[in-house]
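**Q** So that we are looking at the same thing, I have put the structure below in structure tokens.
The values are calculated or read from the model by the stated rules, or taken from the named source; none is laboratory data. These numbers come from a predicted model, not from an experiment. Cβ placement follows ideal geometry from the backbone for every residue including glycine, while neighbour counts extend to all protein chains displayed. The area values use the complete protein model at the heavy-atom level, side chains included, leaving out ligands, DNA and RNA. Shrake-Rupley method; radii C 1.70, N 1.55, O 1.52, S 1.80 Å.
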Amino acid sequence: MSYLLNKLQLANPRWSVFSRILAAALGGYALATSSSLLITQLLMSLVGKYQGIHIGLMLGFLVYTGAVMWAFSVTTATRAWLGLVKLNVIFLLLTWALMQVNS
Amino acid sequence: MKDTFRQSMKWLHTWVGLVVGWVLFFMFLTGTLGYFYQEITRWMQPERPLIVHEVSTEALLDRAQQFAEIHAKGVDEYDILLPSSRDQNLRLGWRHAPEPGKKRGRYKQTVVDIESAENVATRETGGGRTLYRMHYRLHYMDTSISYWLVGFCTMLMLLAVITGVVIHKKIFSDFFTFRAKKGLPGWLDSHNALSVIALPFHFMITYSGLLFFLFMYMGVSSNFQTNDDEFKEMRKEIFPRSAHVEPAGIPAEMRSFSSLYDIAQQQWQTDNLRYVTVHAPNDINAQIAFVRNETDITYNQGDEVVVNGISGELISGNHKDYTVSGVIHNGFYSLHEGQFAGTLARWVYFITGLIGTAMIASGLVLWTTKRKPQQMKKLNGPDFGYRLVEQLNIGTIVGLPIAIAAYFYANRLLPVTMENRGEWEVHIMFITWALLLLYPAIRPAGKAWLEQLQLASIVFILLPMVNALTTDKHLGVTLPHGDWNLAGFDLTLIAVGISFAFARYKMKVIQQSNNARRKPTKSSIERSTNRKSPLENTPKPDLVLTKTGGDTV
């Protein structure tokens, strides 16, 4: 086991880059999705459900871009992970709360 | 990632651009050719007649109707595509009977000889359509894999565009300071200039590219929020389509299209017809939709007048109501495809697309140029990664255009009766590209650049001559006849060939001056250490060195 761990060289900065790429790709996509849900709930009463969904989806790519840029701007990969998870949770909670209000 | 935000973004920009740069180059180049795909198809079917000048729209419509009565009997719906500035032949298109095992038949167009109203037998070719479809469909791959791969690359492109803006401190002032020097500053400035000059286009084309597959890429969210029925309803709201009429099953004789067109013209007050769609022909419910040239960027809004084909009664209610988000979405489609563009705007699209292609190419070259001085100092020669990037650059940036030329050569040189001819045109294109990707592996990079650029200039300049030898639709015929569609294609090929020759010349000059600077000979070292010659800073010794200095790259 320890041999394997040594072999993987977890302290190598490459792993930190790899972890950050994963955070940006997965966390960013999750944020694009959760933000689109939130936008739908925010706009639903104004423009109707379908347009709300549609606008949320269209903005998703821009949210994704922003999330990736942010993930690569923070000092460590761990921070990137934590930040994206936090923001996702907040978006989902807000979505849930708005869903209660809207329904 | 790095110390400052800008440095982190610079890092991201560099690697994001490099990872998918070659695929993006392929997408940008084939996509740019798409702005002329109809023109390309016409060139690739030299059996088609030359432009016929001064035929009235009414005469064309009646010719097409006459043709449809014989050749498109029994189809539910067909289109009449009128000669336009893009494709100067009259065409009829309809969905043919499905092949065994397929749900829907293929939509095919038939060229109609305007003078004889006869069917023009054209060679089998993928034409411009196959070529431009590669920019989102790729080739040899399952469609959904292609779409995801293209989506991934496009997403990274969007990242590269936006990080590119962020890392650019003085985006506008930089634009006006083109340092026409050789080496790094020159390449960097080219990259900056090409990026800034068409920045709105780069953003629009990338973002709209993602919108084409919005419900696929953002599928998690849309599937979560809608069930199948709701999804269909939502799509209908975003992309309203004209209601299609069902045949009643009662045959009736249609009025002549030219007389029905009078009704449309009264609505429009112009003669600007683009195409006609005939629904349920020769049925009591027959509907003829006259669609005007799109001048509005709202996609598919195609100003149409629909009349009953039997009574000539004007049918209203085919207007499409767009939602606000629908207008944005369809507007982006329209901007991406440029269907509304006239000849001039189409050329602007084409050139802007080429600027985007060149931006990607210069970015890729910049990556190697920046690392070159350091790589050249290495005792064991440059790293594998560096060599790989360099080879992929040469093989793609110059190799792909040559491969596209090979596609056109195959169109002219493969036997007309050959089986799977259309597919073989594409095979030849990709075989050529593969060879040109391998070639830089066995040649020094500097030589490979020059040789492939030279090959590119030769194949493009020779292509109109091969056209002249193999067809009767060459410059000697098309120019006097005033068929600018076909003549323009040949002339563009020559212009491209000359551009490659010029690029080769520039590349050679850059290489010579680089060699002179990098590899001082023994005598020059002695000169510079032993005596302070006033000639030292003049270009003269450089010229001497050029002759004696070896090829380092």
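**Q** Filter the GluC sites (Glu not before Pro) in region B:403-494 to those in DSSP coil with at most 12 other Cβ atoms within 10 Å of their Cβ, and list the result.
**A** Values: sites: B:419, B:423, B:425, B:451; in loops: B:419.
Loop-located and lightly packed - B:419.
**Q** How large is the accessible surface per residue of region A:20-102, computed with a 1.4 Å probe and reported in Å² as a whole number?
**A** 45 Å²
**Q** Compute the length gained on full extension between residue B:431 and residue B:241: take 0.36 nm times their separation in residues and subtract their Cα-Cα distance, giving the result in nm to one decimal.
**A** Length difference between fully extended and current span is 64.3 nm.
**Q** While we're here: Using the reciprocal of the averaged 1/r over all distinct C-alpha pairs, how large is the Kirkwood radius of the protein assembly as shown in Å? Please list the in-between numbers first.
**A** Working: mean 1/r = 0.0351 Å⁻¹.
Every distinct Cα pair counted, the radius reaches 28.5 Å.
**Q** Sticking with this structure for a sec: Just the number, please: buried accessible area between A and B, total of both chains, 1.4 angstrom probe, nearest 100 square angstrom. Intermediate values should be presented prior to the final figure.
**A** On the way: alone 7280 and 28750 Å², together 33060 Å².
Accessible area lost upon association: around 3000 Å².
**Q** Please determine, in degrees from 0 to 90 and to the nearest 10, the orientation of helix B:228-238 with respect to the longest principal axis defined by the Cα atoms of chain B, where the helix direction is its Cα long axis.
**A** Between helix and principal axis, roughly 80 degrees.
**Q** Other chains' Cβ within 10 Å of B:214-222 residues: what's the mean?
**A** Taking all residues of B:214-222 together, the mean is 6.
**Q** For region B:310-448, what % of the accessible area comes from carbon and sulfur atoms, probe 1.4 Å?
**A** 66 percent
**Q** Rounded if a/c is under 1.5, else prolate if a/b is larger than b/c, else oblate: which is region B:417-505, with a ≥ b ≥ c the root eigenvalues of its Cα gyration tensor?
**A** Cα axes put region B:417-505 in the oblate bin.
**Q** Continuing with the same structure: I need the GluC sites (Glu not before Pro) found in region B:108-141, filtered to DSSP loop residues with at most 15 other beta carbons within 10 Å of theirs. Spell out each step's value before the answer.
**A** Values: sites: B:115, B:118, B:124; in loops: B:115, B:118, B:124.
Those satisfying the criteria are B:115, B:118.
**Q** Summarise the accessible area of chain A (1.4 Å probe, protein heavy atoms) by the percent that is carbon and sulfur.
**A** On the way: 4230 of 5720 Å².
About 74 percent, which is the carbon plus sulfur part of the accessible surface.
**Q** Residue B:2 to residue B:484: FRET efficiency via 1/(1 + (r/R0)^6), r the Cβ-Cβ distance, R0 60 Å, to the nearest 0.05? Display every interim value, and only then the final one.
**A** On the way: r = 53 Å, r/R0 = 0.88.
Efficiency for this residue pair is about 0.70.
**Q** What does the accessible area per residue of chain B come to in Å², with a 1.4 Å probe and no ligands, DNA or RNA counted?
**A** Values: 27340 Å² over 553 residues.
So chain B comes to 49 Å² accessible per residue, rounded to a whole number.
**Q** Related question: If you keep only loop residues by DSSP, which trypsin sites (Lys or Arg not before Pro) in region B:356-408 have at most 12 other Cβ atoms within 10 Å of their Cβ?
**A** Working: sites: B:370, B:371, B:377, B:378, B:387; in loops: B:378.
Loop-located and lightly packed - B:378.
**Q** Where in region B:1-23 does accessible area fall by at least 10 Å² between the isolated chain and the complete protein assembly, at a 1.4 Å probe radius?
**A** B:1, B:5, B:8, B:9, B:11, B:12
**Q** Report the local net charge at residue B:2: Lys and Arg +1, Asp and Glu -1, summed over other residues whose C-beta lies under 15 Å from its C-beta.
**A** On the way: positive: A:20, A:79, B:6, B:10; negative: B:3.
After counting each charged neighbour, the total is +3.
**Q** Which residues of region A:13-54 end up with at least 50 Å² less accessible area in the presence of all protein chains than when their chain stands alone, using a 1.4 Å probe?
**A** A:29, A:37, A:50, A:51, A:53, A:54
**Q** Using the Cα centre as the reference, give the magnitude of the dipole from point charges on the C-beta atoms of the protein assembly as shown (Lys, Arg: +1; Asp, Glu: -1; all else neutral), rounded to the nearest 20 debye.
**A** I would put it at about 4920 debye.
**Q** What longest region of chain B stays clear of chymotrypsin sites (Phe, Trp or Tyr not before Pro) that DSSP places outside H, G, I, E and B and that have at most 14 other Cβ atoms within 10 Å?
**A** No qualifying site falls inside B:179-553, the longest such stretch.
**Q** Given B:2/B:506; A:86/B:370; A:86/B:236; B:103/B:232; B:473/B:506; B:10/B:447, which pairs have Cα atoms separated by over 29 Å?
**A** Over 29 Å Cα-Cα: B:2/B:506; A:86/B:370; A:86/B:236; B:473/B:506; B:10/B:447.
**Q** Now a separate question. Mind pulling the angle between the C-alpha long axis of helix B:199-211 and the longest principal axis of chain B? Nearest 10 degrees, somewhere in 0 to 90.
**A** For helix B:199-211, the angle is close to 50 degrees.
**Q** Which value, in debye to the nearest 20, gives the size of the charge dipole of chain B about its Cα centre, when Lys and Arg are +1 and Asp and Glu are -1 at the Cβ?
**A** Around 4500 debye, computed over chain B.
**Q** Give, in whole angstrom and from largest to smallest, the semi-axes √(5λ) of the equivalent ellipsoid of region A:20-102, with λ running over the eigenvalues of the Cα gyration tensor.
**A** Working from the Cα gyration tensor, I get semi-axes of 26, 13, 7 Å.
**Q** Same structure, new question: To the nearest 10 degrees, how steep is helix A:28-47 against the longest Cα principal axis of chain A, on a 0 to 90 scale?
**A** 10 degrees
**Q** How high is the FRET efficiency from residue B:203 to residue B:253, r the C-beta distance, R0 41 Å, rounded to 0.05?
**A** Working: r = 53 Å, r/R0 = 1.30.
Calculated transfer efficiency: 0.15.
**Q** What residues in region B:133-165 lose 30 Å² or more of accessible surface when the other protein chains are added to their chain alone (1.4 Å probe)?
**A** Flagged in region B:133-165: B:155, B:159, B:162.
**Q** Further, regarding this structure: Answer with one residue from B:373, B:494, B:209: the one whose Cα lies farthest towards the positive end of the charge dipole of the protein assembly as shown, charges on Cβ with Lys, Arg +1 and Asp, Glu -1.
**A** Projecting each Cα onto the dipole axis, the largest value belongs to B:373.
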